[in-house]
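**Student:** My structure is below; once you've seen it, I'll send some questions.
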Amino acid sequence: MVSSRTTSLPLLIIIVGGGIAGLASAFTLRKAGHQVLVLEQASGPAKGGGGMRSPPNMTRILMRWGLGRQLAAQAIKGSEISFRLTRTGEKVGAMVFHEEIMNAFGADWLLIQYDDLYSWVYSLAKSAGAMIRFSSHVVSVDPSRASIVLSTGETIRGDLIIGADGLSSVVRRSITGRAGPTLSTGRQLYVSNTSIPSELMKSDHSLHALLREPKLNMWMGDGFAIYGSPVSGYRNYCVTIAAPIRRNREGHSVRFDIDYATLEPRLQKLLGLVRIDTVTPQLSDRPLESLIHDSNKVILVGAAAHLIPDGQTQNVAMGIEDAAILGNLFSRLRSPDQLPSLVSAYEEIRLPRAAEVLASEIGKLDQVTFLDGSELQAIRDKGLRAALSQTVLAWDQADEEMLREQWEEHIHMFDYDADEVAEDWWIKWGNLMDVGRQNRQEESRLQGPFGGRMHICVSQVSDAPAPRRMGMRA
Ligand SMILES: Cc1cc2nc3c(=O)[nH]c(=O)nc-3n(C[C@H](O)[C@H](O)[C@H](O)COP(=O)(O)OP(=O)(O)OC[C@H]3O[C@@H](n4cnc5c(N)ncnc54)[C@H](O)[C@@H]3O)c2cc1C
């Protein structure tokens, strides 16, 4: 359940971008008692998209938001990730989601279709009372006034702006000062996500078999990767391609740089059924240095903040976590002088997580796209093959050392509980913030004939190190 605590100082919050992170933030901030206006450039609710994963750190939040019934009906509980070679289809490795460990997380690793999650989060935001305006393309942001300008010339002013406008964010520009997104310094991958209706696969025996397995198949190729999984109650099969793009002489992208003839037969058939509409570039492999503007009136969430390429394990989860944390923090707003500290708290909490997750996701993407014949590829395949025999054993029969090695990073990623992190922050710092506020109120009450000398510095009442930025911004 979302906390029933609401602010006593409702703000007008403008959210730029009505994708999943924007709508999720609209939901939690409405629940926290704020007025929310979502500005989305598309002409209506999103359609299409491919597959995504909901790791336990995301599923846990969706359950608390009351989406258990929808997840049970449409999401597919993933049993494993199978690592295969694109040339032969050979399964060289696996990551098995044993019941024992998944029970410990208290939430499942799910396969979900983008459309499904979008429609659930859209309904949550709408029924919580968020205003969602389509055909509203934001062209500029004035961070100091918390205002935005639409392509029609209309200016809208609020108290706070949330930039949820995706990888090519306009709002991010107002924070980084740079015109465009930073492109990765390494090999440039592009990603496409599509889904294939199950009817198109059923007539082919080998494709039908893929459709029925609750698994993510990850085919690793020569500098590219292709992932596939059933979604939406096995009604569709989603295919994600991460590969370099081949360009024509004019520099326009023409198609993925994949030699289709080298692919195993199932992949050739699968890709023959895929219609690629849009591709998104892999952006920087370095996290942003700041997620907020110095004015404390602009905050970035989702892909705009975290730069994780589409189709990865945590790209959607990060926007959901951001929303959970925003809702928690902003439900506590009681006076205007708390606002800078709460905005800084968001950044304080999210920056380290963002850096860890981006590094982990880029690392995993690198591993599945090593070039054929490279030393790294040989080491990867040897390691995967050596672990495979152990991985597929029952949890209590597998080698403990190997399991620990395989799971260590995932445990760190999956165990993150955004609600708990925000609560912990508040217990540690928020109460002190309240003490500071009460003292300031008392101070101003006493000012006048006696002069104001009652202020207690927050750092004097705590042994713990002060948060990096708390209260530092005017
Ligand atoms: C239609 C669609 C389908 C997707 N399908 C998949 C998928 O199948 N698998 C997957 O892993 N990821 C998919 N993604 C990406 C995934 O949603 C994100 O990586 C992640 O959920 C973070 O979401 P986000 O809301 O931050 O960004 P996004 O999902 O990119 O949403 C950003 C939103 O902001 C809007 N916007 C951008 N600029 C402006 C502007 N200037 N003014 C107003 N609005 C603006 C965009 O139209 C978009 O709706 C998809 C994204 C979209 C938009």
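**Student:** Bin width 5 Å, alpha-carbon pairs only: give the P(r) of region 268-348 as whole percents, running from 0 to the bin holding the largest distance.
**Tutor:** 3, 13, 19, 19, 15, 11, 8, 5, 4, 3, 2, 1, 0
**Student:** Cut-off 13 Å, label point 7 angstrom out along Cα-to-Cβ of GLN35: give me the residues of region 153-179 whose amide nitrogen falls inside.
**Tutor:** Residues 156-160 qualify, since their backbone N sits under 13 Å from the label point.
**Student:** Ok, one more. How would PHE256, PHE134 rank on accessible area, largest to smallest, probe 1.4 Å?
**Tutor:** Reading off the accessible areas and sorting them downward yields PHE134, PHE256.
**Student:** Would you grab the residues whose amide H sits under 5 Å from the one on ASP372? Only those 5+ places off in sequence or on another chain, please, with H modelled 1.01 Å from N.
**Tutor:** Counting only residues 5 or more places away or on other chains, the set is GLY223.
**Student:** Let me ask something else. Not counting ligands, DNA or RNA, and with a 1.4 Å probe, what is ILE245's accessible surface area in Å² rounded to the nearest 10?
**Tutor:** Rounded to the nearest 10, that gives 30 Å².
**Student:** Using only alpha carbon pairs under 8 Å that are at least six residues apart, calculate the relative contact order of the chain and give it in whole percent. Don't skip to the end; give the middle numbers.
**Tutor:** On the way: 939 pairs, mean separation 97.7, N = 474.
Relative CO of the chain lands at 21 percent.
**Student:** Could you count how many Lys pairs in the chain have their Cα atoms under 15 Å apart, skipping same-chain pairs fewer than 8 positions apart? Don't skip to the end; give the middle numbers.
**Tutor:** Numbers: LYS31/LYS126; LYS77/LYS215; LYS91/LYS215; LYS91/LYS382; LYS202/LYS269.
For the chain, the number of qualifying lysine pairs is 5.
**Student:** Within region 52-95, list the residues whose amide N lies under 13 Å from a label point set 7 Å along Cα→Cβ of ASP396.
**Tutor:** none
**Student:** Which whole-Hz ³J(HN,Hα) couplings does region 294-306 yield from phi under the Karplus relation 6.51 cos²θ - 1.76 cosθ + 1.60, θ = phi - 60°, glycine and proline marked x?
**Tutor:** 4, 6, 6, 10, 9, 10, 9, 9, x, 4, 4, 8, 10
**Student:** For the pair THR176/TYR234, report the inter-label distance in nm, with labels modelled 7 Å from Cα in the Cβ direction.
**Tutor:** Spacing of the two 7 Å Cα→Cβ label points: 4.3 nm.
**Student:** On to the next question. Across the Cα atoms of region 303-438, what radius of gyration and what greatest pairwise Cα-Cα distance (Dmax) are found, in Å?
**Tutor:** Reported Rg and Dmax, both Å: 20.1, 66.
**Student:** Tell me which residues come under 5 Å, amide H to amide H, from VAL38 once H is placed; ignore anything under 5 positions away on its chain.
**Tutor:** Amide H to amide H, under 5 Å and 5 or more residues apart or across chains, VAL38 pairs with ILE15, MET131, ILE132, ARG133.
**Student:** Could you please state how large a percent of the accessible area of region 189-330 is carbon and sulfur, counting protein chains only and using a 1.4 Å probe? Don't skip to the answer; put the middle values down first.
**Tutor:** Numbers: 2470 of 5220 Å².
Ligands and nucleic acids excluded, carbon and sulfur give 47 percent.
**Student:** For an R0 of 56 angstrom, estimate the FRET efficiency from the Cβ-Cβ distance between ARG212 and MET131 and round to the nearest 0.05.
**Tutor:** 0.85
**Student:** Can you run phi through the Karplus equation (6.51, -1.76, 1.60; θ = phi - 60°) for region 41-47 and list ³J(HN,Hα) in whole Hz, with x for Gly and Pro?
**Tutor:** Rounded to whole hertz, the list is 6, 5, 7, x, x, 5, 10.
**Student:** I need the phi-derived Karplus couplings for region 207-215: 6.51 cos²θ - 1.76 cosθ + 1.60, θ = phi - 60°, integer Hz, Gly and Pro marked x.
**Tutor:** For region 207-215, the Karplus curve yields 6, 4, 4, 4, 4, 8, 8, x, 10 Hz.
**Student:** For an R0 of 22 angstrom, estimate the FRET efficiency from the Cβ-Cβ distance between LYS91 and ASP204 and round to the nearest 0.05.
**Tutor:** Working from the Cβ atoms, E equals 0.65.
**Student:** Would you mind telling me the share, in percent, of accessible area of region 67-146 contributed by carbon and sulfur at probe 1.4 angstrom?
**Tutor:** Working: 1630 of 3220 Å².
The nonpolar share, carbon plus sulfur, comes to 51 percent.
**Student:** Could you give the accessible area per residue of the chain, probe 1.4 Å, as a whole number in Å²?
**Tutor:** Dividing the accessible area of the chain by its residue count gives 44 Å².
**Student:** Given 0.36 nm per residue, what is the gain on full extension from SER290 to THR152 after removing their alpha carbon distance, in nm?
**Tutor:** Full extension of this stretch gives 46.7 nm more.
**Student:** Let me ask something else. For THR262 and GLU409 in the same chain, what is the full-extension length gain: residue separation times 0.36 nm, less their Cα-Cα distance, in nm?
**Tutor:** Difference between extended and current length: 49.6 nm.
**Student:** Still on this structure: Kindly state, to the nearest 0.05, the FRET efficiency for ALA46 paired with ARG247, given R0 = 22 Å and r defined as their beta-carbon distance.
**Tutor:** Efficiency, rounded to the nearest 0.05: 0.20.
The values are calculated or read from the model by the stated rules, or taken from the named source; none is laboratory data. Worth saying up front: this structure is predicted, and the values here are computed from it rather than measured. Cβ: placed from backbone, ideal geometry, glycine included. Neighbour counts: every protein chain shown. Heavy atoms of the whole protein, side chains included, go into the accessibility calculation; ligands, DNA and RNA do not. Shrake-Rupley method; radii C 1.70, N 1.55, O 1.52, S 1.80 Å.
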